[in-house]
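Participant: Below are the structure tokens for one structure; questions will follow.
The values are calculated or read from the model by the stated rules, or taken from the named source; none is laboratory data. What you see is a predicted model, and the numbers here were worked out from it, not measured in a lab. No Cβ is skipped: glycine too gets one built from the backbone with ideal geometry, and neighbour counts run over all protein chains shown. Heavy atoms of the whole protein, side chains included, go into the accessibility calculation; ligands, DNA and RNA do not. Shrake-Rupley method; radii C 1.70, N 1.55, O 1.52, S 1.80 Å.
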Amino acid sequence: MSGSSTPKSLPSSGQKALHDIKHPLSCSPGAEEESGDLGVLVNDTPSPDLPHTDPSSIADKTDVSGGILTPSAASVRRGEERAGGSHDCRSALTNKDLSLPNGTPADTSSPASSSSLLNRLQLDDDMDGETRDLFVTVDDPKKHVCTMETYITYRIMTKTTRAEFDLLEYSIRRRYQDFDWLRNKLEETQPTHFIPPLPEKFVVKGVVDRFSEEFVETRRRALDKFLKRIADHPVLSFNEHFHVFLTSKDLNSHKKQGATLLSKMGESVRYVTSGYKLRNRPLEFSAIGEYLDTFALKLGTIDRIAQRIIKEEVEYLVELREYGPVYSTWSALEGELSEPLEGVSACIGNCSTALEELTEDMTEDFLPVLREYILYSESMKNVLKKRDQVQAEYEAKQDAAALKREERIGKVPTEVEKCQDKVECFNADLKADMDRWQNNKRQDFRQLLMGMADKNIQYYEKCLTAWESIIPLLQDKPEPK
């Protein structure tokens, strides 16, 4: 297969202004709605109903800078408080019908094929008109050869009008382990949110060359999408570690800092609740867990079959490349058949080129999305486990408080109320992120499947045209009088 072309920067999907986004942390009661499209891929698995919370929202005051709305200092402070893990459910905003851009343009340009599905179908999740204030792009991979190691760095370009950034534009270089550090920090400080997955770190030696153009370009795209998903999120995008990652020239000094208090508290919760069995796990979260298990299982099956099909197509491509020239050499031995045989040889060559383009598109565009969502589902399962641990802690403290009340009647201890607030905030965050993930998944897979269908249509049209072109050469020609 031919090598990749020069890496192309993907356009940022950006972020809405905060006054347009209802925040996911409110615990106020509200009208319940069904989550849309949880079962878009898994037809035989009913999707769980995910109710939205809908309290009265609190609009932020914003400033206008260059036509882009930017959050006020109050908005930024609240974003930083949320990033630090301190949530006030009574004053936070909710997330209702919030649409998450997927890091790739929804209005995909139509290919040349006259039968293109994208010429006939229009995505209804178009993000045009969305206010954006944070653009992040990963591009320009470079190989560094040192005495001890060889590694790749990527340039990260950031453009923003947010108040907490000192500059409007930043350009820094990061290697894969820096992205890994960022993701670990997000998991530590934002345990109630889904953290986007990174592309897998390790590759099998001798099977994949991690310094090849194809591998580096595939990883660059995945890292670009990883940062865009974070930048799209109304809470994760305000995380202090994300800010440091995008702006700091010396990231090593931040890496040396110890574990955060929040992560240490999380470890203690896991220790206390490790052997505790939940009394009353909400059905909606059980349904989400069952859905994610089935979703990951089916995607894994699709991924394995797709890889097998691509492998067979590559083997078929090798045969075609040997098959076509045989007709060309044969034509040298023939008289009247020379022109038709040359035509068949050229036709097989055109089919080979079309098949090579199809396998490259499937390898570079289809498989990475499947793999990303398999990893995403694992990340989401981990968040569900953390939610259960917090609920287990709450129930354990409830039991302890109940024993004390039997001895002397008193009000509910403050620590029990705080733990209850933590559970409610965890539930609100998780449900809001699930809604965002569903919107994101719907966009990604609709665009992916439409693109796959379109590429196959183009492939078969090219093959049809190639074979039709030799029919006149094979037809009997009238004998001259």
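Participant: Can you pull the accessible area of residue 463 for me, 1.4 Å probe, Å² to the nearest 10?
Facilitator: Rounded to the nearest 10, that gives 20 Å².
Participant: What is the distance, in nm, between label points placed 7 Å from the Cα along the Cα-to-Cβ direction at residue 316 and at residue 453?
Facilitator: Going from the residue 316 label point to the residue 453 one covers 2.1 nm.
Participant: Using θ = phi - 60° and the Karplus curve 6.51 cos²θ - 1.76 cosθ + 1.60, what whole-Hz ³J(HN,Hα) does each residue of the range 468-473 get, with Gly and Pro shown as x?
Facilitator: 5, 5, 9, 4, x, 6
Participant: Points 7 angstrom from Cα along the Cβ direction at residue 147 and residue 180: gap in nanometres?
Facilitator: Going by the 7 Å Cα→Cβ label model, 2.4 nm.
Participant: Round to the nearest 10 and report in Å² the accessible area of residue 219, as given by a 1.4 Å probe over the protein chains' heavy atoms.
Facilitator: The value for residue 219 is about 30 Å².
Participant: Still on this model: Would you calculate the convex hull of the Cα atoms in the range 152-228 and tell me its volume per residue in Å³?
Facilitator: 112
Participant: Something else: Which value, in nm² and rounded to one decimal, describes the direction-averaged projected area of the C-alpha convex hull of the range 306-407?
Facilitator: 8.1
Participant: So what does residue 241 come to for accessible area, using a 1.4 Å probe and Å² rounded to 10?
Facilitator: Residue 241 has an accessible surface of roughly 20 Å² with all protein chains in place.
Participant: Would you kindly state how much longer the chain becomes between residue 166 and residue 279 on full extension, computed as 0.36 nm times their sequence separation minus their alpha carbon distance, in nm to one decimal?
Facilitator: The span from residue 166 to residue 279 would gain 35.8 nm if fully extended.
Participant: Just list whichever of 142/381; 386/418; 249/381; 225/462 have alpha carbons separated by over 23 Å in the model shown.
Facilitator: Result: 142/381; 249/381; 225/462 exceed 23 Å.
Participant: Test of understanding: what is the full-extension gain from residue 464 to residue 297, defined as 0.36 nm times their sequence separation minus their Cα-Cα distance?
Facilitator: 56.5 nm
Participant: Calculate the spin-label point distance for residue 290 paired with residue 402, positioning each point 7 Å from the Cα along the beta-carbon direction, and give it in nanometres.
Facilitator: 2.6
Participant: Please compute the length gained on full extension between residue 364 and residue 308, using 0.36 nm multiplied by the number of residues separating them and subtracting their Cα-Cα distance.
Facilitator: Net length gain for the segment: 18.7 nm.
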